[in-house]
Amino acid sequence: MLLILLQVQTMYMLPVKTNVNSSSAPLAPCLPDQASALLALKHSFNTTNGDSTTFQSWVAGTDCCSWDGVRCDRRDGCVTYLDLGGRQLQSSGLEPALFGLSSLNHLDLSGNDFNNSQIPATGFERLTELRYLNLSNTNFAGSVPAGISHLKNLVYLDLSTSFYVVDFDNENHVMYYTSDSIWQLSVPKLDTLLADLTNLEELHLGMVDLSSNGPQWCDYVARLSPKLQVLSLPYCSLSGSICKSLSSLRSLRVIALHYNHLSGSVPEFLASFPNLTVLQLSTNKFEGWFPPIMFQHKVLQTVDLSENPGISGILPTFPQTSSLENLFVKSTNFSGTIPVSINNLKSLKKLSLGASGFSGILPSSMGELKSLELLEVSGLQLVGSMPSWISNLTSLTVLQFFYCGLSGPIPSSIANLRELTKLALYNCNFSGKIPPQLSNLTRLQTLLLHSNNFAGTVQLSVFSKMQNLTVLNLSNNELHVLDGENSSSSMSFPKLEFLRLASCRMSSFPEILRHQGKIKGLDLSDNQINGSIPTWAWETWNGSHMFLLNISHNMFSSIGSEPLLPVHIEYFDLSFNNLEGPMPIPRDGSVTLDYSSNQFSSMPLYFSKYLTGTSFFKASRNSLSQNIPPSICSAVSSLQLIDLSYNNLSGSIPSCLMEDVSALQVLSLKANNLFGELPDNIKKGCALEVLDFSGNLIQGKIPRSLAACRNLEILDIGSNQISDSFPCWMSTLPKLQVLVLKSNKFTGQVLDPSYNTEDGNTCEFTELRIVDIASNNFSGPLPVGWFKMLKSMMIRSDNETLVMENQYYHGQTYHFTAAITYKGNKMTITKILTTLVLIDISNNALYGTIPKAIGDLVLLHGLNMSHNALGGSISVQLSNLKNLESLDLSSNELYGEIPQELASLNFLSTLNLSYNMLSGRIPQSPHFSTFSNSSFLGNNGLCGPPMSNQCRNQSEISLPYDSEKNSADVLLFFFTALGFGISFSITVIVILGRQR
């Protein structure tokens, strides 16, 4: 993902008090106490680091007013100006003697390192004349002291930390910032800080933590800073929306609120700010319609809305008077066509039209933007080939077409763009061969051609002329990539940092990597490479820091190294190979480890030492046996996902995996041989979202302390030996959507009347979408009231995501799974759609009639009530379930006719009404006639297609059964009618029916 950071920098020069009539009075030298304070400040810095010339003029006994970075009021010799900005000096803390310079009106200590120390709690309140204070990029920590809030004359305040993003390709980027860590400075009460700073014109708090202020931050700024011209609060963990009261700040020139959690719409009143030049709102959660009038603002130079998927809008007709220099709508919901008038933006340098909703043909007028340095275009409905006018934009340094509908070959004329440093043409429909003329782009640093339809054979040696190339991605095309075989060609190959050759039909490990010691990312997934990773590869990478190493979906049989690898690999994917033995582990740590679908026999023995920073650990479908090692507990504090499913693990579940899990979100141990009881001392703050223990030998009860896991969405404990009652107490979990209890030893009623407690807890599962309690020993009548409480099966929320999943580091997506029976087949749903709604209560001892309330669950896709003792007739209300795809009522004691209305269920593809006592004509419709004879077997009273027995009349006469009669009475009626010559087997059925 390309993230372009627009640095908003302003220089605020304040006048220094000097005596303009120097002839009337002698110039006063620097006062001794002022010089003493400055010398103390000098000695607090480590003079061996940073700019060695900084303090050369700071010599005791000389006039401090002439020292570098110092100015004085020549009337009294007091220091009024101190500028040590950008000197890269180091200090263990800010020297308190500085506060003796009480006449300072300008103080700049930016760009120096104060070693994560705190700003002194007292002292700043003494600098009452201060108008300019710059402590940016100083590596201070802790809360901003109250003393700064007393500087009533302050016009400029900068406490920010700078950051920037380096992109390797569309999936890999890294953010750099000048402090040791983020959130070092915080302002718990912004209103307290700003209360007396009513003269403030510029406020820069980038990367200062303002999260505790909530959405009120905006009103605080608007109410307490009436003269504000620059509001720069990027990466401050802001929430809420842009408040209406901000409209009072008519002097605003710069609004920089990028990298926050802001939501709501972008207010139109911003267009009325006469001096607004920068509107930087990227990487937030804004939504709604963006006012097109903003693009027609006369002085606005930068509009950045990128990475706000909820913002929609169109590009208007651009006026000739536009001052726009930077326009970004990447990763938004903008749509429509790109206007021909875009050529009116004569000053435009950076244009990012990266919204998938753009359509039509790119206007040729874009070729007139001669000053354009960056052009990004996407749009799934864009048509045509790459326009020829692209080659006219000779000032371009970045050209990017991505997620677009453009097709055809890359024109060779693109090689005319000699200034290009990045060419990214990915996830479009480009085809043909990669033109060899691209090798003439010798300034190119990044070349991304992945996920297209390029074909042919490519020799990696063709890129040797691009000596500045650091990123190359040819993945997921129809290419056959061949490696240069001789060592000399690999030595002359450019020094790459990222190389991605996934799905390139490669059969051997690339020889060019032999001399790529700077490689930070390597993707060779989905090829046919077998054997071992060469030993020289680990020797080349020894001690390196890699963001990505992906060799998944190959035929590797050996890692080619000792299990302890001599590297740091943030994203390490070995899945879907033939690797065996102990799992290898990066010596210097890893964030993501994926060992899935191999033949590994043992987990790393180094959890406690090398996995303490791991977040994602996936090792499903291997040959792991024995117990889960206790050493895994040392990594639980950082692990967010553990998947050890489909192995041969035995023993009990370590208590640490459940009891104190403030980070762990997903725990899947399904399909092993684990036994014992589940830990039951789960602490408050539990972060678990998915628990899957299905297919083990676990006994006991569901731990009641699981109620502490307020984020739990999926609980699957099917196919174990758990003995418990129906867990109505879990209805207190507000996000629970999937509950699978099948194939255990649960007993009692689904809704025991005794559960209705005085606190009003009525077993109401507000979000439940999938419930599977099949193959247990539940008994009693079906609870009408319980079905009425399944509101999430009646009304679909508009704010739902389509798939139940979590996003992790490096864009890794983990799809939640569940093992269920659907349409008569046992299956594991590997991608649970939030629209899927199922109920399975089969194979229990439930009796009574089918509640009519089930007809209100209109979102149901599957309903299985088979193999119970349900009686009465089939409720006509089931015909309300228009989304129903599977209905199984087989092996019950249902009687009466099949409601003709069921024939209106057009999505119904699986129907099983067999082995009941139904009678009458089977409903006739083109859709219903698709069901086979097996859907109706064991119902001797049914007639008509597809059954062989034909109905005697137009409508088969059925007996007027009383819905209150039980099934034994019905069978007894038939027994009497047929006489005493009936066989002994039917007598047995009557007896069993009565017992049931």
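The values are calculated or read from the model by the stated rules, or taken from the named source; none is laboratory data. Quick caveat, the model's predicted, so the values are computed rather than measured. Backbone-built Cβ (ideal geometry, glycine too); neighbour counts: all protein chains shown. These accessible areas exclude ligands, DNA and RNA; they are computed on the full protein's heavy atoms, side chains included. Shrake-Rupley method; radii C 1.70, N 1.55, O 1.52, S 1.80 Å.
Taking the stretch 659-690 as the range and being part of a strand (DSSP E or B) and touching a helix residue (DSSP H, G or I) at 6+ places or on another chain (Cβ under 7 Å) as the test, only L667 passes.
So for the stretch 954-965 (the condition being modelled with pLDDT of 65 or more, outside any helix (DSSP H, G or I), open to solvent by 10 Å² or more (accessible area, probe 1.4 Å) and not small (G, A, S)), does at least one residue qualify? No, the stretch 954-965 contains no residue that is modelled with pLDDT of 65 or more, outside any helix (DSSP H, G or I), open to solvent by 10 Å² or more (accessible area, probe 1.4 Å) and not small (G, A, S).
Exactly one residue among D167, D180 is crowded, with 19+ Cβ neighbours inside 10 Å, modelled with pLDDT under 95 and under 27 Å from the mean Cα position of the chain (by Cα), and that residue is D167. Among residues of the stretch 692-706 that are on the phi > 0 side of the Ramachandran plot, those with a beta-carbon under 7 Å from a residue that is of a type in the set (D, E, K, R) and not in a loop (DSSP other than H, G, I, E, B) at least six positions away or on a different chain give the pairs G700/E677. Condition (residue is crowded, with 17+ Cβ neighbours inside 10 Å, of a type in the set (K, R) and farther than 18 Å from N172 by Cα) applied to the stretch 503-519: is it met by at least one residue? Looking for residues that are crowded, with 17+ Cβ neighbours inside 10 Å, of a type in the set (K, R) and farther than 18 Å from N172 by Cα, one finds at least one in the stretch 503-519, hence yes. S552 fulfils the conditions (1) surrounded by 19 or more Cβ atoms within 10 Å (Cβ to Cβ); (2) more than 24 Å from T614 (Cα to Cα) except for a single criterion, (2).
Considering only residues in the stretch 454-478 that are among the small types (G, A, S) and either in contact with a Ser or Thr (Cβ under 6 Å, 6 or more places away or on another chain) or open to solvent by less than 30 Å² (accessible area, probe 1.4 Å) (or both), the one that is nearest to P411 (Cα to Cα) turns out to be G456.
Taking the stretch 661-682 as the range and being surrounded by 19 or more Cβ atoms within 10 Å (Cβ to Cβ) and either acidic (D, E) or touching a residue at least 60 places away in the same chain (Cβ under 8 Å) (or both) as the test, the residues that pass are Q665, V666, S668, K670. Residue pairs whose Cβ atoms lie under 8 Å apart, sitting 6 or more positions apart in sequence or on different chains, and linking a residue in the stretch 766-782 that is under 17 Å from G848 (Cα atoms) to a partner that is open to solvent by 10 Å² or more (accessible area, probe 1.4 Å) and of a type in the set (F, W, Y), are F778/F726; S779/Y847; G780/Y847; P781/Y847. I'd like to know if the stretch 597-614 contains one or more residues that are under 26 Å from the mean Cα position of the chain (by Cα) and among the basic types (K, R). No, the stretch 597-614 contains no residue that is under 26 Å from the mean Cα position of the chain (by Cα) and among the basic types (K, R).
Across the stretch 343-356, a minimum of one residue is classified as more than 16 Å from S282 (Cβ to Cβ) and open to solvent by less than 20 Å² (accessible area, probe 1.4 Å). Given the residues T828, T821, which is the only one that is part of a strand (DSSP E or B), at pLDDT below 85 and surrounded by 19 or more Cβ atoms within 10 Å (Cβ to Cβ)? Being part of a strand (DSSP E or B), at pLDDT below 85 and surrounded by 19 or more Cβ atoms within 10 Å (Cβ to Cβ) holds for just one of T828, T821, which is T821. One residue stands out in the stretch 183-225 among those that are of a type in the set (S, T, N, Q) and over 24 Å from S162 (Cβ atoms): the one that is least open to solvent (accessible area, probe 1.4 Å), namely N199. Among the residues of the stretch 638-647, none qualifies, meaning not one is over 21 Å from K618 (Cα atoms), open to solvent by less than 30 Å² (accessible area, probe 1.4 Å) and touching a residue at least 12 places away in the same chain (Cβ under 8 Å).
Restricting the first member to the stretch 24-50 and to residues that are over 26 Å from G111 (Cα atoms), and the second to residues that are of a type in the set (S, T, Y), the beta-carbon pairs closer than 9 Å and six or more apart or on different chains are C30/T62; C30/S66. Against the numbered list (1) within 30 Å of S378 (Cβ to Cβ); (2) under 32 Å from the mean Cα position of the chain (by Cα), Q528 comes up short only at (1).
For Q437, state whether it is closer than 23 Å to Q516 by Cβ and out of contact with any Lys or Arg (no Cβ under 9 Å at 6 or more places or on another chain). No; evaluated as a whole, the condition is false for this residue.
Taking the stretch 147-164 as the range and being open to solvent by 20 Å² or more (accessible area, probe 1.4 Å) and in contact with a helix residue (DSSP H, G or I) (Cβ under 7 Å, 6 or more places away or on another chain) as the test, only H150 passes.
Checking the stated criteria, I414 turns out not to satisfy the condition of being in contact (Cβ under 8 Å) with a residue 24 or more places away in the chain, in contact with a helix residue (DSSP H, G or I) (Cβ under 9 Å, 6 or more places away or on another chain) and open to solvent by 10 Å² or more (accessible area, probe 1.4 Å). Within the set S590, S558, the sole residue that is within 26 Å of G517 (Cβ to Cβ) and open to solvent by less than 10 Å² (accessible area, probe 1.4 Å) turns out to be S590. Of all residues in the stretch 134-178, exactly one satisfies the criterion of being among the acidic types (D, E), more than 16 Å from L203 (Cα to Cα) and not in a loop (DSSP other than H, G, I, E, B), namely D167.
Restricting attention to the stretch 233-286, the residues that are in a loop (DSSP other than H, G, I, E, B) and either within 27 Å of L185 (Cβ to Cβ) or polar (S, T, N, Q) (or both) total 28. Annotation: of all residues in the stretch 304-342 being part of a strand (DSSP E or B) and closer than 17 Å to Q400 by Cβ, the one that is most open to solvent (accessible area, probe 1.4 Å) is N326. For L228, the conditions (1) open to solvent by less than 10 Å² (accessible area, probe 1.4 Å); (2) outside any loop (DSSP other than H, G, I, E, B); (3) touching an Asp or Glu at 6+ places or on another chain (Cβ under 7 Å); (4) not polar (S, T, N, Q) are fulfilled apart from (2). Here L496 fits the description: closer than 26 Å to K433 by Cβ, out of contact with any Pro (no Cβ under 7 Å at 6 or more places or on another chain), aliphatic (A, V, I, L, M) and in a loop (DSSP other than H, G, I, E, B). If you go through the stretch 51-96 and pick out every residue that is open to solvent by 50 Å² or more (accessible area, probe 1.4 Å) and touching a residue at least 60 places away in the same chain (Cβ under 8 Å), you end up with 0.
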